[in-house]
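Working notes, beginning with the structure itself.
The numbers here are math on the coordinates, done by the rules we state, and not lab data. If you're wondering where the values come from, they're calculated on a predicted model, not measured in any experiment. Backbone-built Cβ (ideal geometry, glycine too); neighbour counts: all protein chains shown.
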Amino acid sequence: MEGSDAGDEAARDDDATDPAARDPVAVAEAALDAVAAAAPEIRAGLPGRRRYLDDENPSGEDVLAADVYADELLETALGDLDGVGTYASEERESAVDAGEGSVSVAVDPLDGSSNLASNNPMGSIVAVYDGPLPASGRDLVAAGFVLYGPVTTMVAGVGAPADATVHEYLVTEEGDREQLERVRLPDDPTVYGFGGRVPDWPADFAAYVDEIEDELKLRYGGAMIADVSQVLSYGGVFAYPALESAPDGKLRLQFEGNPVAYLVEGAGGRSSDGARSLLDIEATGIHQRVPVHVGNAPLIERLETALDDVR
Ligand code: AHM
Ligand code: MG
């Protein structure tokens, strides 16, 4: 038996020195810690970076100095972690090779950064996949977002999507995260927030809005993370739907749709592209877009029925 103990020890040593062999869940915890640790520096750098650069991101959107700043800080923080082999960002055309490791991190460095001009909230999103990109949401081993609101907080979960529990954390000025409450969608939903121009909404989605706007009150701020945070706090539904002019909507599956679906489902809610959980969508490209609907399960079921009825 002595021999096998020595063998186990050698295997553990290998795990410690071989980043490719690290447990994906341990890498995921380290990735969430790294994003929290970077958050105070990202936040502190925002005041001087509210201007647009003469550049577009891979989705054809204008880029702020703050987007590039946050992307570079997160690339360093996450790419340097043992076990992270790939770093991908909404701000970059291609994924970056981050060394040995089976885990891929996909980041929206500043979700809702157009809110910088009006000084409204926004966030940093991280999705941690066990495997290469593009990946299915079922390959997530963690997801989280930092919300730069009046208080800097993180909402995050770790584990396979079916088992994930989601908590809110306070992010301290030192970049530590202190666990607060478990996040559960309230049973009695009160808010909704939908992106896109109303005349651009397809008729079936507009019919759904007609139904629910009598029951819920409008809360829309233009940063998905902040709007989803309202849904997590008060219950309700957030959507950036398919548009007549953009049938796949605006939001991206790898950086936005999957992580937010993971968190809302982990908080007891549902996600949908109109027909199925976002986590079940086949990943075809890093910058692939998807209609996003998340919230209390009964509201998402009614949405799917409304879309199905018209098709
Ligand atoms: P971004 O990641 O480039 O900031 O874009 C995504 C944001 C989401 O946070 C938000 O839901 C949406 O764009 C708002 O778009 P609109 O201004 O069309 O309402
Ligand atoms: Mg975004």
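For region 191-309, the fraction of alpha-carbon pairs lying more than 20 Å apart is 33 percent, rounded to a whole number. Just to be sure I understand the rule: take each whole DSSP H helix in the chain, project its Cα atoms onto its long axis, keep it if the span is 24 Å or more and its mean Kyte-Doolittle hydropathy is at least -0.5. Which ones pass? Membrane-span-like by this criterion, though nothing is claimed about a membrane: 24-45.
Per residue, the average separation of C-alpha pairs within less than 8 Å and at least 6 apart gives the chain a relative contact order of 15 percent.
The H on the amide N of Ser89, modeled in the peptide plane, is under 5 Å from the matching H of Val107, each at least 5 residues off or on a different chain. Where both bridge residues fall in region 156-311, DSSP classifies roughly 70% of the beta bridges as antiparallel. Taking every DSSP bridge with both residues inside the chain, close to 80 percent are antiparallel. Charged neighbours of Ser271, selected by a Cβ distance under 13 Å, balance to -3 (K, R count +1; D, E count -1).
How far apart, in nm, are the 7 Å Cα→Cβ label points at Glu72 and Glu301? Reported label-point gap for Glu72 and Glu301 is 5.1 nm. Nearest 5 percent is fine: what portion of the DSSP beta bridges confined to region 70-143 is antiparallel? Restricted to region 70-143, the bridges split so that about 70 percent are antiparallel.
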